[in-house]
Amino acid sequence: MKKLFAAAILTMLFFSCADPQKQEKELLDQVIAKHDSVMAKNEQVERAKIQLDTLLKTEVLANNDSTATKLIKGQEETMEKMEDWMHKFDAENKGKSHDEIMAYLTDQKKQIEAIDKDFDAVITATNNYKKSLIKK
């Protein structure tokens, strides 16, 4: 009985791994999940950018603080990367072979992960800068 059960499990694992559509869907789901988490960071960066823009127009940073200006530029560039990636991303992949789809999605996953790291860096730099303003 145990051998039959083990054989059934191994067979299921073999066929689930060998199912190209399932592999494609799983990889696409990973890309979409990363996209969704990055979008939340995009909103956070957008709010931080608005805050810095506002500070530059007030007495707090009336001397046109260069650090804030650089941070805003970095925020804008990172948000543009995300926007570019979204416009170019093709979730349908019609007419492509399994190997082409897997290669494309693997590349897209790497790209969105790099954008995620860019967002993390921008968020950290912005938070550190805002903390430095509080200490002044």
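Values in this text are rule-based calculations from the coordinates and carry no lab data. Remember, it's a predicted structure, so these values are computed and weren't measured experimentally. Positions of Cβ are generated from backbone atoms using ideal geometry, with glycine treated the same way; all protein chains shown enter the neighbour counts.
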Legend entry - Simple spin-label estimate for Lys70 and Asp29 in nanometres, 7 Å along Cα-Cβ: 4.3
Inset, instruction - Could you check the simple spin-label distance between Asp116 and Met39, using points 7 Å along Cα→Cβ, in nm with one decimal? - result: 1.5
Inset, instruction - Work out, step by step, the length gained on full extension between Asn93 and Glu77: first 0.36 nm times the residue separation, then minus their alpha carbon distance; give nm to one decimal. - result: 3.0 nm
Inset, instruction - Two decimals is fine: what is log10 I(q)/I(0) at q = 0.11, 0.12, 0.14, 0.17 Å⁻¹ for the range 28-119, from a Debye sum with one equal scatterer on every Cα and no solvent? - result: -0.42, -0.48, -0.59, -0.75
Inset, instruction - Report, by chain and number, residues whose modeled amide H sits under 5 Å from the one on Lys96, excluding near sequence neighbours (fewer than 5 apart, same chain). - result: none
Inset, instruction - Measure off 7 Å from each Cα along the Cα-to-Cβ vector at Glu100 and Ile134, then give the distance between these two points in nanometres to one decimal. - result: 5.3
